[in-house]
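Student: A single structure is presented below for examination.
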Amino acid sequence: MRKLLAVLLAAGTLFSVSAQSTETAVIENVNNGGVASLRGITELDTTRKADELKRVIKDRSPIDRDYVYQPPLVPHQTRHYEVSLNANKCLSCHSWKYAGEMGATKISVTHYQGRDGEVLSDVSPRRYFCLQCHVTQADASPLIENEFKRVDSLR
């Protein structure tokens, strides 16, 4: 019985060492396979320096939409805007109460409707986090070739 236990223990140790050396060899040989991606030619297990932030277009008039039901694009800087459970900087200009005096676009009445269509006195919780749908525009070239054409009815 002792011999069998010693043999099993020795076999387990050998198997463990060989598995670790195989795992190490696999990790050392990880690379991008020679494939260029939007990340550039970078080893998969290497962290590269982040790209510079794109220049955000400063305050301008509203940007035309490209398709029906597209959320309006944000024509101004939104970095450092707090949009959390406790505050929403967007509403300080775009709510129905302040839009007139701020010269900002009012948010749509659809943002005051609940899930079942009931009209609410304040912005619906499902529409509260503005930057999920409304994106800030940056002065950046496309990452990939794009042949998108606007909807004819919006021209």
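The values are calculated or read from the model by the stated rules, or taken from the named source; none is laboratory data. As the structure is a computational prediction, the values presented were derived from the model and not from experiment. Positions of Cβ are backbone-derived with ideal geometry, glycine not excepted, and every protein chain shown enters the neighbour counts.
Student: Out of Tyr67, Tyr81, I need the residue that is assigned to a loop (DSSP other than H, G, I, E, B) and surrounded by 14 or more Cβ atoms within 10 Å (Cβ to Cβ). Which one?
Tutor: Tyr81
Student: I would also like to ask the following. Enumerate the pairs (first residue in the range 74-102 and within 13 Å of His134 (Cβ to Cβ); second residue anywhere and assigned to a loop (DSSP other than H, G, I, E, B) and among the aromatic types (Phe, Trp, Tyr)) with beta-carbon separation below 7 Å, excluding pairs fewer than 6 apart on the same chain, so at least 6 apart or on different chains.
Tutor: From residues that are within 13 Å of His134 (Cβ to Cβ), the pairs are Val83/Phe129; Asn88/Tyr128; Lys89/Tyr81; Cys90/Tyr81.
Student: Can you confirm whether the range 82-96 contains a residue that is in contact with an Asp or Glu (Cβ under 9 Å, 6 or more places away or on another chain) and modelled with pLDDT under 80?
Tutor: Checking the range 82-96: not a single residue is in contact with an Asp or Glu (Cβ under 9 Å, 6 or more places away or on another chain) and modelled with pLDDT under 80.
Student: In the range 112-139, what residues are loosely packed, with under 12 Cβ neighbours inside 10 Å and part of a loop (DSSP other than H, G, I, E, B)?
Tutor: Arg115, Asp116, Gly117, Glu118, Ser121, Asp122, Cys133
Student: All but one of (1) under 29 Å from Ser153 (Cα atoms); (2) not in a loop (DSSP other than H, G, I, E, B) hold for Thr105, so report the exception by its number.
Tutor: Going through the list (1) under 29 Å from Ser153 (Cα atoms); (2) not in a loop (DSSP other than H, G, I, E, B), Thr105 breaks only (2).
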